[in-house]
Amino acid sequence: MSIIKQFMSAALIGGITFFSLLQPAQSQTVSKGTKNVVLVHGAFADGSSWSKVIAILHAKGFNVISVQNPLTSIEEDAAATKRAIAQLDGPVLLVGHSYGGMVISEAGKDPKVAGLLYVCALIPDENQAVVDVLKPYPPAPGGAEFQQDASGFLTLSLKGINEHFAQDLEAEERKIVFATQGPWAAKATTDKVSGPAWKTKPSWFIIGQEDHMVIPELARAEAKMIKATTLELKSSHVPMLSQPDKVAAFIIRAAGQL
């Protein structure tokens, strides 16, 4: 089965307890826990996808690095993430969006990583790749807009960005998301993760209730699997852009518990 078909999958699996809306991040300060946050983007994105959250975290005194993943393989993306972790002094909260959930599940085995926070993410169980995570589930709407070039890299069409990836952003911002997307190597979707970090480290999860890429049913099943502290937002696949205050607040709370 092609990756385009494999990515278009999700199914109903039991629910997960979730928080009510968090207090705005502006009302929170760094008083305990780790002050180091490493942000990992997913497919069809780059490090700028975290720009709004970074500004809030900086204002609260956090040390933040947003990784620029090559999006070429789990190994190479995890290596880029580990280089970012190495730049920070002390324990780190590692945050991953979308395919970045696969990456932090691998890179999170670094001893400096104290906890993992997943945002609308794909999460592997033992010895699973992206295609394995998605295989049991029926199609997700966004998968129909994948486009693969002659070099084996996937991009998302403008229609996919507008209707399924970032549908709760203003039109001009959706154009920026489209223009800055990072092409994703299709071969990266078959790279397996062994001993994912969530098995030994505390985890948090943000679920987008209107996510058309990692649909809520799949996300809830993943959150249950990893026993994550969970927040549900009425958002698209990119709540860090559409609701940055709430995403930042959740990150701040998680960091405070490490």
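The values are calculated or read from the model by the stated rules, or taken from the named source; none is laboratory data. All values derive from a computational prediction rather than experimental measurement. Every residue, glycine as well, gets a Cβ built from its backbone with ideal geometry; the counts of neighbours run over all protein chains shown.
Annotations
- Matching residues, the stretch 95-149, being charged (D, E, K, R) and at pLDDT below 95: 135
- Annotation note: of 90, 61, 101, 115, the sole residue that is touching a strand residue (DSSP E or B) at 6+ places or on another chain (Cβ under 7 Å), part of a loop (DSSP other than H, G, I, E, B) and either of a type outside the set (A, V, I, L, M, F, W, C) or surrounded by fewer than 17 Cβ atoms within 10 Å (Cβ to Cβ) (or both) is 90.
- Of the helices (runs of 4 or more DSSP H) contained entirely in the stretch 121-229, those carrying at least 3 residues that are surrounded by fewer than 23 Cβ atoms within 10 Å (Cβ to Cβ) and in contact (Cβ under 8 Å) with a residue 40 or more places away in the chain fall at 216-225.
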